[in-house]
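To keep things clear, I will list the structure first and then write my remarks on it.
The values are calculated or read from the model by the stated rules, or taken from the named source; none is laboratory data. What you are looking at is a predicted structure, and each value in this text was computed from that prediction instead of being measured. Methodologically, a virtual Cβ is constructed for each residue, glycine included, from the backbone with ideal geometry; neighbour enumeration extends over all protein chains shown. Note: accessible area is taken over every heavy atom of the protein model, side chains too, but ligands, DNA and RNA are not part of it. Shrake-Rupley method; radii C 1.70, N 1.55, O 1.52, S 1.80 Å.
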Amino acid sequence: MVDPQPTRSGPGRVLIAVYGLFALAATSRAVVQLITDFHEAPLAYLLSAFSGLVYILATISLALGNRTGRGLAWATIGTELVGVLAVGTASVLAPKDFPRATVWSVYGIGYGFVPLVLPFIGLFWLWRTRSRVDQPGRQPGR
Amino acid sequence: MIAWLSCPVIGIAVVAAIWGVVSAVRGRPPGNAQFYWSFLTELAVIVQSVVGFVSIGRGHGPAETATSIGYLAGIVVLMPAAIWWGISDRSRYSGLVMTIAGVAVAVMSLRLLELWNG
């Protein structure tokens, strides 16, 4: 049984940086929205706060890089993927319910669609660095 | 008022971003000159934020005050984080982290411009 490669090694560091950036962006956006005019669009603003929390947890779990972090990363990045697809679709089908944008609105159009691509890269990276029984002594990042 | 300030910031940050890609492609950790450029980027960002805060304080800020304050405050932490990263991790990937910081600084400065010109 080969231990999984730490998620924070090599290109994983770049992934953590991007997640950290989105944690900062989504959380500060949510804080501003919740403080200034929560009553205007409670659903959108709570979704903003939720997405911020997801990005924070994903950043921490990828940075931990151990078995616990890996499990948490699968859960949070999976949630992120479901979130961006669900909120993206809902904001396209029922724009009236999303009067104010969140990070995930229209699949992250306000952020160059990075929020849509990021979970796929994250899940791929988790899969790529998973533990493998069949290749003892393989080179990391083969 | 902030246009004459934000445009140079965007230019400097874009150069920092491209520099990061170049160093990563060459397979090298960020070099000294690259760090100096990152410091210059941060210096420009700090000047932009100070001027922005002063202008908000004097009542010349954009309508979306809270958002502007968020951007002006958030933008100053990006480059130091990337620089710290580049010092602690001497791999080619640190260059890409600087690229991410550079792109983020450029995009946030662009948003600040949009806010200010409302």
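Quick one: A:THR59 ticks every box in (1) within 14 Å of another protein chain (Cβ to nearest Cβ); (2) touching a residue at least 60 places away in the same chain (Cβ under 8 Å); (3) under 30 Å from A:SER131 (Cβ atoms) except a single one, so which number is it?
So A:THR59 meets the others, but not (2).
Within the stretch A:16-35, can you find the residues that are more than 7 Å from chain B (Cβ to nearest Cβ) and out of contact with any Lys or Arg (no Cβ under 9 Å at 6 or more places or on another chain)? Talk me through it step by step, then tell me what you get.
Taking the stretch A:16-35 as the starting set, the residues that turn out to be more than 7 Å from chain B (Cβ to nearest Cβ) are A:16, A:19-20, A:22-23, A:25-27, A:29-31, A:33-34.
Once the filter is applied, which keeps residues that are more than 7 Å from chain B (Cβ to nearest Cβ) and out of contact with any Lys or Arg (no Cβ under 9 Å at 6 or more places or on another chain), the stretch A:16-35 yields A:TYR19, A:GLY20, A:PHE22, A:ALA23, A:ALA25, A:ALA26, A:THR27, A:ARG29, A:ALA30, A:VAL31, A:LEU34.
Condition check ((1) closer than 27 Å to A:LEU43 by Cα; (2) in contact (Cβ under 8 Å) with a residue 12 or more places away in the chain; (3) assigned to a helix (DSSP H, G or I)) across all residues:
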residue	(1), (2), (3)
A:ALA90	yes, no, yes
A:VAL106	yes, yes, yes
A:GLY122	yes, yes, yes
A:SER131	no, yes, no
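Does B:ILE18 meet the test of being within 18 Å of A:VAL14 (Cβ to Cβ) and open to solvent by 30 Å² or more (accessible area, probe 1.4 Å)? Reasoning before the result, please.
Details: within 18 Å of A:VAL14 (Cβ to Cβ): yes; open to solvent by 30 Å² or more (accessible area, probe 1.4 Å): yes.
Yes; evaluated as a whole, the condition is true for this residue.
Out of B:ILE56, B:ILE10, report the one residue that is open to solvent by less than 40 Å² (accessible area, probe 1.4 Å), β-branched (Val, Ile, Thr) and either in contact with a strand residue (DSSP E or B) (Cβ under 7 Å, 6 or more places away or on another chain) or without any contact (Cβ under 8 Å) to a residue 40 or more places away in the chain (or both).
Details: B:ILE10 fails: either in contact with a strand residue (DSSP E or B) (Cβ under 7 Å, 6 or more places away or on another chain) or without any contact (Cβ under 8 Å) to a residue 40 or more places away in the chain (or both).
Exactly one of B:ILE56, B:ILE10 is open to solvent by less than 40 Å² (accessible area, probe 1.4 Å), β-branched (Val, Ile, Thr) and either in contact with a strand residue (DSSP E or B) (Cβ under 7 Å, 6 or more places away or on another chain) or without any contact (Cβ under 8 Å) to a residue 40 or more places away in the chain (or both), namely B:ILE56.
Among residues belonging to the stretch B:25-39 that are surrounded by 16 or more Cβ atoms within 10 Å (Cβ to Cβ) and closer than 23 Å to B:VAL9 by Cα, point out the one that is nearest to the chain's Cα centre (by Cα).
Within the stretch B:25-39, the subset surrounded by 16 or more Cβ atoms within 10 Å (Cβ to Cβ) is B:29-30, B:34, B:37-38.
Those left that are additionally closer than 23 Å to B:VAL9 by Cα: B:30, B:34, B:37-38.
Working: B:PRO30: 17, B:GLN34: 14, B:TRP37: 11, B:SER38: 9 Å.
Among them, the one singled out is B:SER38.
Criterion first (part of a helix (DSSP H, G or I), modelled with pLDDT of 90 or more and either over 27 Å from A:ALA44 (Cβ atoms) or open to solvent by less than 30 Å² (accessible area, probe 1.4 Å) (or both)) does A:THR59 satisfy it? Even if it seems obvious, please write down each step before you answer.
Numbers: part of a helix (DSSP H, G or I): yes; modelled with pLDDT of 90 or more: yes; either over 27 Å from A:ALA44 (Cβ atoms) or open to solvent by less than 30 Å² (accessible area, probe 1.4 Å) (or both): yes.
The answer is yes for A:THR59.
Sort out which residues of the stretch B:78-118 are open to solvent by 40 Å² or more (accessible area, probe 1.4 Å), among the small types (Gly, Ala, Ser) and closer than 19 Å to B:ILE46 by Cβ, and write them in order of number. Break it down into steps so the answer makes sense when it comes.
Taking the stretch B:78-118 and keeping what is open to solvent by 40 Å² or more (accessible area, probe 1.4 Å), we get B:80-81, B:84-85, B:87-88, B:90, B:92-93, B:96, B:103, B:107, B:110-111, B:114, B:117-118.
Among the residues that remain, those that are also among the small types (Gly, Ala, Ser) are: B:81, B:88, B:118.
Of everything in the stretch B:78-118, just one residue is open to solvent by 40 Å² or more (accessible area, probe 1.4 Å), among the small types (Gly, Ala, Ser) and closer than 19 Å to B:ILE46 by Cβ, namely B:ALA81.
Output the residue which, of all residues in the stretch B:61-77 that are out of contact with any Ser or Thr (no Cβ under 9 Å at 6 or more places or on another chain), modelled with pLDDT of 90 or more and open to solvent by 20 Å² or more (accessible area, probe 1.4 Å), is farthest from A:PHE22 (Cα to Cα). Don't jump to the end; show me each part of the working.
Start the filter on the stretch B:61-77 by keeping residues that are out of contact with any Ser or Thr (no Cβ under 9 Å at 6 or more places or on another chain), which leaves B:63, B:68-69, B:77.
With the extra rule that they be modelled with pLDDT of 90 or more, the set shrinks to B:68-69, B:77.
When the remaining residues are screened for being open to solvent by 20 Å² or more (accessible area, probe 1.4 Å), the result is B:69, B:77.
Working: B:ILE69: 18, B:VAL77: 13 Å.
Within the stretch B:61-77, the match that is farthest from A:PHE22 (Cα to Cα) is B:ILE69.
If you go through the stretch A:62-89 one residue at a time, how many are of a type outside the set (Ser, Thr, Tyr) and either crowded, with 19+ Cβ neighbours inside 10 Å or in contact with a Lys or Arg (Cβ under 9 Å, 6 or more places away or on another chain) (or both)? Lay out the reasoning, then the answer.
Taking the stretch A:62-89 first, the residues of a type outside the set (Ser, Thr, Tyr) are A:62-67, A:69-75, A:77-78, A:80-88.
Subsequent filtering for residues that are either crowded, with 19+ Cβ neighbours inside 10 Å or in contact with a Lys or Arg (Cβ under 9 Å, 6 or more places away or on another chain) (or both) retains A:62-65, A:69-70, A:73, A:77, A:80, A:83-84, A:87-88.
The qualifying residues number 13.
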